1. Being part of a strand (DSSP E or B) and within 18 Å of Val58 (Cβ to Cβ) is the filter here; which residues of the range 247-278 pass it?
2. Only one of (1) in a helix (DSSP H, G or I); (2) surrounded by 16 or more Cβ atoms within 10 Å (Cβ to Cβ); (3) of a type in the set (D, E, K, R) is not met by Lys351, so which one is it?
3. Looking only at the range 186-208, how many residues end up being part of a loop (DSSP other than H, G, I, E, B) and farther than 11 Å from Phe169 by Cα?
4. Here are some residues: Ser173, Ser152. Which one is at pLDDT below 95 and surrounded by 16 or more Cβ atoms within 10 Å (Cβ to Cβ)?
5. Any residue at all in the range 148-159 that is hydroxyl-bearing (Ser, Thr, Tyr) and more than 17 Å from Leu218 (Cα to Cα)?
6. Would you be able to tell me the number of residues in the range 161-219 that are aromatic (Phe, Trp, Tyr) and out of contact with any Gly (no Cβ under 9 Å at 6 or more places or on another chain)?
7. Let me confirm something: among Ser115, Ser146, which residue is open to solvent by 40 Å² or more (accessible area, probe 1.4 Å) and either touching a strand residue (DSSP E or B) at 6+ places or on another chain (Cβ under 8 Å) or closer than 26 Å to Thr305 by Cα (or both)?
8. With touching a strand residue (DSSP E or B) at 6+ places or on another chain (Cβ under 7 Å) and either open to solvent by less than 10 Å² (accessible area, probe 1.4 Å) or modelled with pLDDT under 95 (or both) as the only criterion, which of Gly314, Gly365 stands out?
Amino acid sequence: MFFSSDVFRFIYTIEMRLSFYPSCKVFFSHDPIKIVRAKGQYMFDERGERYLDCINNVAHVGHSHPDVVKAGAKQMELLNTNSRFLHDNLVQYAERLQATLPEPLSVCYFVNSGSEANDLALRLAWQYTSHKGIITLDHAYHGHVSSLIDISPYKFHQRANLEKNLSVFVAPSPDIYRGKYREDHPDPATAYSDEVRDIIDDAHKKGHRIAAFIAESLQSCGGQIIPPRGYFQKVAEHVHKAGGIFIADEVQVGFGRTGSHFWAFQLQGEDFVPDIVTMGKPIGNGHPMSCVVTTRNIAEAFMSTGMEYFNTFGGNPVSCAIGLAVLDVIQKEDLQGNATRVGSYLMQLLKQQREKHPLVGDVRGVGLFVGVELVRDRIQRIPATAEAQDVIYKLKEQRILLSTDGPHRNVLKFKPPMCFCAEDAKFIVEKIDKVLTGMLAQQVFLNDSRQHNSLNIEYTLWTFKKVTDTICSFNNLQKPNYI
């Protein structure tokens, strides 16, 4: 029961949010929910209603995981201080983290957010190469600080009259469903990488030099895009030849989410190793921490500037204790294996929906990173934006939290906590099936109504003409010309 006092508190929270924190949009802004606690893959509102969370890739090992909470609380009881003091947690965590990465990636910089990590990655690239040009992918999002808005078309395309950074070059997203080169192309990896090569050549003609190519290993805000295998290797070859480096942004998709690999860039094959990897979000299971990992050569070039680098809170004892606990839970609970098993099952169920519902244009993903693109027409692939919004709001009524993204906001995004199970997958797909079935029935009803109305109008016009002609004949009047 939602009593008047609850309503007052809810409205008060909304008013205070609009007053003090207006720029950050809430999920389900037309009908927001107030979350007061969470556990595992579930979130609870102020009335105790339970929601299945398919949005929060931040709570990587599950909301309020007891091992993570205990590790953070235990360390806070002892010490939390500036990372410029010696402490074992930092070096132990760095060693554990490096062990998950290919050998050349061996130097860590601990920071506090994905944006801070990507900003630092740009600084490393600029210093190492002495170049300024950055190639990014269309629809990419890399963070909210000024340097990253410049390289995030997902953001800067939204701003009118924005002065474009002339050192930033945008390559086509390697989207084989909606992009320039699609699933019927014989070699989309080469075709998309050749676009990057051409951008480099054009930049050189205009006097620019490329410092880095940066890409999310799997594009999230761009619509759950899975690059064709071999694309990164070919891009890296072109970029390295131009004197630049490759930055893999794993902020959204790292730490075993793909199931088959710990890092999403590894999906490209063992022969691909980026020069810099950035990570965040899942690294601390909701605790603000992130990291940049790079090669020793790049790190030494950064140190050679003579400018001292330090980060007050990056790598503090509490953050590193939490980071270690997250790695322990991933291993202990086989969450990477769970992502493989449950992700495959979820994909199987969703592909069955594609066979059943014309609105489902494409189902793509790997592990617990899955996208369902809704279209009004499968041939022309017209984005079903309004329908996608309708789906997520109807699912919310069923106590399921799902979001949409992509350039047309028509892609349903699945990126739940890694403890998401097969029963959850079955539950949400059953609800999606009912929602899509209801939408189809509604569309059929509307079409029938339009057809019925059209027949009624035709009959009315026919009757009007007959009556008018009869009256004119009876009164010896000229019959009107009907249009």
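1. Asp249, Thr278
2. (2)
3. In the first step, residues of the range 186-208 are kept if they are part of a loop (DSSP other than H, G, I, E, B); the result is 186-187, 206-208.
Filter once more, keeping what is farther than 11 Å from Phe169 by Cα: 186-187, 206-207.
Total meeting the criteria: 4.
4. Of the residues listed, the single one that is at pLDDT below 95 and surrounded by 16 or more Cβ atoms within 10 Å (Cβ to Cβ) is Ser152.
5. If we filter the range 148-159 for residues that are hydroxyl-bearing (Ser, Thr, Tyr), which is where we start, we get 152, 154.
Applying the additional criterion that residues be more than 17 Å from Leu218 (Cα to Cα) yields none.
For the range 148-159, residues hydroxyl-bearing (Ser, Thr, Tyr) and more than 17 Å from Leu218 (Cα to Cα): absent.
6. The total comes to 1.
7. Numbers: Ser115 fails: open to solvent by 40 Å² or more (accessible area, probe 1.4 Å).
Of the residues listed, the single one that is open to solvent by 40 Å² or more (accessible area, probe 1.4 Å) and either touching a strand residue (DSSP E or B) at 6+ places or on another chain (Cβ under 8 Å) or closer than 26 Å to Thr305 by Cα (or both) is Ser146.
8. Values: Gly365 fails: either open to solvent by less than 10 Å² (accessible area, probe 1.4 Å) or modelled with pLDDT under 95 (or both).
Every option except Gly314 fails the conditions.
The values are calculated or read from the model by the stated rules, or taken from the named source; none is laboratory data. Keep in mind it's a predicted model, so treat the numbers as computed, not measured. Cβ atoms come from the backbone with ideal geometry, glycine included; neighbour counts cover every protein chain shown. These accessible areas exclude ligands, DNA and RNA; they are computed on the full protein's heavy atoms, side chains included. Shrake-Rupley method; radii C 1.70, N 1.55, O 1.52, S 1.80 Å.
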